[in-house]
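The values are calculated or read from the model by the stated rules, or taken from the named source; none is laboratory data. The structure displayed is predicted, hence computed values, not measured ones. Here the Cβ positions follow ideal geometry from the backbone for every residue, glycine too, while neighbour counts run over all protein chains shown.
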Amino acid sequence: MTEAPPSGAAADTRPPARRRVLAPPADRGHLTVAPAVVEGIATTAAGEVEGVAAGGRRASATVLGSTAALRIGVGLDYPAPIPARIDAIRGRVIERVGELAGLSVERVDVDVVALHTDASDRVR
């Protein structure tokens, strides 16, 4: 009896001797995620956090095997509770790097490099 293909998949009509059998995913090869890719994910993820100023974010990453360590510089909107924003940035960066790059993040050092105020709030 022939098994039906998964829903939405085309049936493999080749004779059994001609079907390709794949090795388990871990045995098919090695994946390397470049530090520049991790840095891009980190800067984008930091920008997804409320209160992180647009633009000016920068990151550096070290990737060893399946583990990454990051340092990211951000500007924050002012006034804001800085420790809470930093915790949110760390959490979002760890989450997104794990989801998108498949890496475990051992640390995220965050440098607050600027505080941005709304120009319309300034007294002249």
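A compact table of results
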| item | result |
| --- | --- |
| Hits in segment 93-115 - residues which are basic (Lys, Arg) and over 8 Å from the mean Cα position of the chain (by Cα) | Arg107 |
| Those residues of segment 73-84 which are more than 21 Å from Gly98 (Cα to Cα) and in contact with a helix residue (DSSP H, G or I) (Cβ under 7 Å, 6 or more places away or on another chain), in sequence order | Leu76 |
| Pair list, Cβ < 7 Å and 6+ apart or interchain, from segment 34-62 residues that are closer than 20 Å to Ala84 by Cα to residues that are among the charged types (D, E, K, R) and in a loop (DSSP other than H, G, I, E, B) | Thr43/Arg57; Ala46/Arg57; Gly47/Arg57 |
| Checklist (1) under 26 Å from Asp118 (Cα atoms); (2) out of contact with any Ser or Thr (no Cβ under 7 Å at 6 or more places or on another chain); (3) of a type in the set (D, E, K, R); (4) surrounded by 14 or more Cβ atoms within 10 Å (Cβ to Cβ) applied to Glu50, failing item | (4) |
| Residue in segment 91-110 that is modelled with pLDDT of 95 or more, exposed (fewer than 13 other Cβ atoms within 10 Å of the Cβ) and either over 30 Å from His30 (Cβ atoms) or touching a helix residue (DSSP H, G or I) at 6+ places or on another chain (Cβ under 8 Å) (or both) present | yes |
| Residue ID - surrounded by the fewest Cβ atoms within 10 Å (Cβ to Cβ), chosen from residues in segment 54-72 that are touching a helix residue (DSSP H, G or I) at 6+ places or on another chain (Cβ under 9 Å) and farther than 30 Å from Gly29 by Cα | Gly55 |
